[in-house]
Amino acid sequence: MSSSSPIDRLAVFGGKPLFSQPLHVGVPNVGERKRLHARIDALLDRRFLTNGGPLVQEFEDRIADLVGVRNCIAMSNGTLALEIVTRALGFEHEVITPSMTFVATAHALQWQQITPVFCDIVSGGHHMDPARIADLVTPRTSGIVPVNIWGRPCSIDAMQSVARRLELPLVFDSAHAFGCSYKGRMIGGFGDAEIFSFHATKFINSFEGGAVVTDDDELADRVRLMQNFGFQGRDRVIHVGTNGKMSEVSAAMGLTSLESMDAFIEHNRQNYQAYREGLSRLPGVRLMEYDERERCNYQYIVVEFDERVSSLNCLEMQEILSAEHVDVRRYFYPGCHRMEPYRSYFPNAGMLLENTEALLGRVLTLPTGTAVSVEQVGMISALISRVLESGRFIRERLSGASRQLENRVAVLCEA
Ligand code: T4K
C-alpha cells in the first residue's frame, strides 16, 4: 500500500477522524423546549412535584391510549417496572428469559432472588425461541419474560400459546418497543402485561422512566399499590411495596416527547432507509430490517458482520469506527449469561445458548436518532463500505500495530 492509500487516511492509523465530534448510539431526542419549559414552570407553580400529579396522570392516559390498553402505570424506570410487575404476578424461583438482552432483564429477576433461566434465540434471529421454552421448564418455573428486542416483536403468538399450554404467566420486556406493532396491534397489549422504558436513550424519553401496561385491572391495582409503598389512600398500607413512582418533571419530558413522536419516528425511518441503501449490498454485512407493514419506531440500527466474508470482526470494526468518532455499541455482548453474577452461577450456560453465543460476537449497533442526520448516515455507510473493501489489509495492519505496541510495552517494562 502506498503512503497515500485510503487505508492510511483512516483515523485508526493516524488520519483525521471523519467526524469532528463523536456520534453516539442513544443520544436523546428532545422535543419542543418551549413546551417542556412551560410544563416545568407550571409544575413548579403548582408545587406538585411527584406522588400522582396531573402530568403523570396525563402521561399514563396518553400511553394507554396510544397502545390501546386499559391500564398504564408510569414508573421511575423500566427496570423497576419489570421488577414490580413480575412480583405482582407472583413470579418466584425460576423464570425463563433470553440472555440476548440488556442485563436489566435478568437483574430485575435476580434482584428478587428469582433465577433467570436463559433460553436460546432462534437460529438466524435475535429473539428467544418459543420452541425451546418447554425444555427449560421445571417444577420451580413461575413465568416467562420474552424480550421484544430492538423494537422488533418476537413470535408473540407462539409465546402466548406456549405460556397458555404451560399455564405460566407471561410478561413481555418491551423496553425497546414502544410505538411498534405486531400483526397490526400495538405492542403493549400482549401477555399478562408488558413493560416499556422511557430512558433518555429511548426514542421517547422522560429523562428516566418506564411503564407497566396491561388489560388486567386487578394486576394494575396491585402494581399501583406496590409502586407506592402499598398505600391505599393516605394512611392505610395494605401491601408490601417500594417506590417506583415517576416524577412530574419526568412526565413533563415524556409528554413533550410524545408530542414529537411522529417527527422522531420519521427521522429514524429516514436514517434507517439511508443505512439500508448504504449497507444492504455490502458483502458480509446484514442490516436487521424492520417489517414496514407494521408500525416501527426505527430506534435501533443493528448490523451483523460476518467475519468470514468481511475479514474484520466486530471488535476491529468498533476500533476503526471509534477512531473516526463513530461510537458504535456492541449491545448486548457478551450476553447476560457471561456477566456476573450469572457467569459464576452457571459457568456452562453457554452450552445451551449456541445461537446466542454465535450472534453476540457479530452484532454492532450504529448511531441514529435526531442527533444524527441522513447525510451523516451516508458518511458512516460509505466509511464502512470503504473499510470492508480492504478488510484483510486493515486487519494485518491492526495486528502489526498491536504487535509493535506490545513490543514497546515489553521494552519499557524491561527498562
Ligand atoms: N430491558 C431492556 C431490553 C433494556 O434495553 C433496558 C434498558 C431495560 C430493560 C431497562 O430499562 P431502564 O431501567 O433503563 O429504563 C442504555 C440505557 O441506560 C438503558 O436504558 C437501555 N436499556 C440500554 C440498551 O442502553 P447503556 O449502559 O448503554 O447507557 P450509556 O450511558 O452507555 O448510554 C448510551 C449512549 O447514549 C452513550 O454512548 C451516550 C448516549 N447518551 C446517553 C445518555 C444517558 C447521551 O448522549 N445522553 C444521555 O443523556 O444503557
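Within the same chain, aspartates and glutamates fewer than 8 places from residue 16 are excluded, and of the rest, those with a Cα less than 12 Å from its Cα are 8, 324.
For the chain, the antiparallel share of DSSP beta bridges with both residues in that region comes to about 60%. Rounded to the nearest 5, what is the percent of antiparallel bridges among the DSSP beta bridges in region 33-259? Close to 55 percent. For region 228-272, the square roots of the Cα gyration tensor eigenvalues, ordered a ≥ b ≥ c, give a/c of at least 1.5 with a/b greater than b/c, which places it in the prolate category.
Rounded if a/c is under 1.5, else prolate if a/b beats b/c, else oblate: with a ≥ b ≥ c from the C-alpha gyration tensor eigenvalues square-rooted, which is region 278-412? Walk me through the numbers before you get to the answer.
Values: a/c = 1.83, a/b = 1.08, b/c = 1.69.
Cα axes put region 278-412 in the oblate bin.
Computed packing ranks the peptides 29-40, 227-238 as 29-40, 227-238, most packed first, by mean other Cβ atoms within 10 Å.
In this simple spin-label model, placing a label point 7 Å from the Cα along the Cα-to-Cβ direction at both residue 276 and residue 325 gives a separation of 3.0 nm.
Straight Cα distances below 17 angstrom link residue 34 to the aspartates and glutamates 45, 248, 259, with same-chain residues fewer than 8 positions distant left out. Here the chain is treated with +1 on each Lys and Arg Cβ and -1 on each Asp and Glu Cβ, and its dipole about the Cα centre works out to around 580 debye.
What is the spin-label model distance, in nm, from residue 351 to residue 262 if the labels are put 7 Å beyond Cα along the C-beta direction? The answer from the label model is 5.6 nm.
Between helix 217-227 and the chain there is an angle of about 70 degrees, using the helix long axis and the longest principal axis of the Cα atoms. Specify which residue in the list 56, 320, 374 is farthest towards the positive end of the charge dipole of the chain, using unit charges on the beta carbon of Lys, Arg (+1) and Asp, Glu (-1), about the Cα centre. Result: 320, furthest along the dipole toward the positive end.
Please label the shape of region 33-259 as rounded, prolate or oblate, based on the square roots a ≥ b ≥ c of the eigenvalues of the alpha-carbon gyration tensor (a/c under 1.5 means rounded; beyond that, a/b larger than b/c means prolate, else oblate).
Details: a/c = 2.17, a/b = 1.52, b/c = 1.43.
Prolate.
Surface composition of region 9-151: carbon and sulfur atoms hold 50% of the protein heavy-atom accessible area at a 1.4 Å probe.
Could you check which residue among 148, 348, 205 shows the biggest mean-square fluctuation in a GNM of the chain with a 10 Å Cα cutoff? Maximum fluctuation in the GNM of the chain, among the listed residues, is at 348. Segment residue 293..residue 269, full-extension length gain: 7.3 nm, with 0.36 nm per residue of separation and the alpha-carbon distance subtracted. All other residues whose Cβ lies under 9 angstrom from that of residue 214 are scored, Lys and Arg at +1 and Asp and Glu at -1, for a net of -4. The calculated 222 nm mean residue ellipticity attributable to helices in the chain amounts to -12500 deg cm²/dmol, summing -39500 (n - 2.57) over DSSP H runs of n ≥ 4 and dividing by all residues. Protection proxy ranking, highest mean first, for peptides 46-52, 286-292, 320-326: 320-326, 286-292, 46-52, where packing is the per-residue count of other beta-carbon atoms within 10 Å, averaged.
The values are calculated or read from the model by the stated rules, or taken from the named source; none is laboratory data. These numbers come from a predicted model, not from an experiment. Every residue, glycine among them, receives a Cβ derived from its backbone with ideal geometry; neighbour counts consider all protein chains shown. Accessible surface is based on the protein model in full, side chains and every heavy atom, while ligands, DNA and RNA are left aside. Shrake-Rupley method; radii C 1.70, N 1.55, O 1.52, S 1.80 Å.
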